[in-house]
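Working notes, structure below.
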């Protein structure tokens, strides 16, 4: 077996070992049996949200078990094919099996990264907020481009996307928008997207065709589930109702159904603008609890966050990524230096490369080898 293929086999096996460890292989089957027993409980769907989370958690475990077994079987089969090909002098069989092994190595590495999403809220659904920066119409248009990018990404992942609130720009685009994105590891994947995103392009709104720089901020925070208890003192919040409006100032409805909740001690403001005021109160309160939970996560990880921020140029603030459309095309992450010239693909939701690069660098502040060395 060629040295390159031996290395690919060894790297794939390392990824499989980590996958096995992360899913708790020794107890996985027992946990699956417990899930199955709970699914059979007739009262399960009395609480639809709790039932849906249980079903997602069960499916995540099933996927982890099946993924490990499938990858391990494919590794074994292709190694065996190479050995048979070498014994029989069949170069065509060897070449096909080697090509399959190299692809398998990449897939196993991707699954390994996904397995590192083991933070206490990584598996949760998430809220994603987008806010246009200073710059008027150009920044509002950039905010709407980001919103489209994340919706496309989520749809490709098979996640459910729900628009919670949107404030339209005066001429085009959006001033702000909040989405709820539901699916396994939604928060874990998206959490690295929080920060300031910078766009450089020739503005379609400038008759002089000058190059403009625009900024929009993204904030990601996990949906609080039944396993997380967040107490909110009623005396600490102010609830206002008002008439919601969509892009361009068009009214979404004609009643004062939109709800804005302000948490006085922290200054946090959350908004929901569905048609039902009662529903909006529930949605906004859940969003508030999620924001407060994110603050607690940030407090716990203050030392790690400070270390990460210290690595960046203070002059860039919290900017994490630059999108240049003119005079050349390049999207570059300023934390990992990961970059691509496929700006169209990125704006169409091809973000996995950026997320994987950030996860590989920042999860627990360690590389895989460092983590294994301490275990």
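The values are calculated or read from the model by the stated rules, or taken from the named source; none is laboratory data. This is a predicted model, so every value here is computed, not measured. FYI the Cβ positions are ideal-geometry reconstructions off the backbone, even for glycines, and counts take in every protein chain you see.
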TODO: Identify all residues within the stretch 257-283 that are surrounded by 20 or more Cβ atoms within 10 Å (Cβ to Cβ), within 27 Å of residue 296 (Cβ to Cβ) and more than 26 Å from the chain's Cα centre (by Cα); write none if there are none.
DONE: 259
Open item on the list: For the condition in a strand (DSSP E or B) and more than 22 Å from residue 263 (Cβ to Cβ), what is the one hit in 151, 200?
Closed with: 200
Open item on the list: Take the conditions part of a helix (DSSP H, G or I), within 33 Å of the chain's Cα centre (by Cα) and surrounded by 13 or more Cβ atoms within 10 Å (Cβ to Cβ) and apply them to residue 52. Does it pass?
Closed with: yes
- [ ] For the stretch 117-133, state whether one or more residues are closer than 26 Å to residue 56 by Cα, touching a helix residue (DSSP H, G or I) at 6+ places or on another chain (Cβ under 9 Å) and in a helix (DSSP H, G or I).
- [x] no
- [ ] Test residue 158 against the criterion of being surrounded by fewer than 21 Cβ atoms within 10 Å (Cβ to Cβ), in contact with a helix residue (DSSP H, G or I) (Cβ under 8 Å, 6 or more places away or on another chain), closer than 30 Å to residue 219 by Cβ and in contact (Cβ under 8 Å) with a residue 12 or more places away in the chain, and give yes or no.
- [x] no
TODO: Please specify each residue of the stretch 83-102 satisfying the condition of being surrounded by 13 or more Cβ atoms within 10 Å (Cβ to Cβ) and either out of contact with any helix residue (DSSP H, G or I) (no Cβ under 8 Å at 6 or more places or on another chain) or not in a helix (DSSP H, G or I) (or both).
DONE: 83, 90
Open item on the list: For the stretch 15-27: of the residues being surrounded by 12 or more Cβ atoms within 10 Å (Cβ to Cβ) and free of Cβ contacts under 8 Å to residues at least 12 places away in the same chain, which is farthest from residue 98 (Cα to Cα)?
Closed with: 24
Open item on the list: Which condition from (1) assigned to a helix (DSSP H, G or I); (2) loosely packed, with under 12 Cβ neighbours inside 10 Å; (3) modelled with pLDDT of 90 or more is the one that residue 62 breaks?
Closed with: (2)
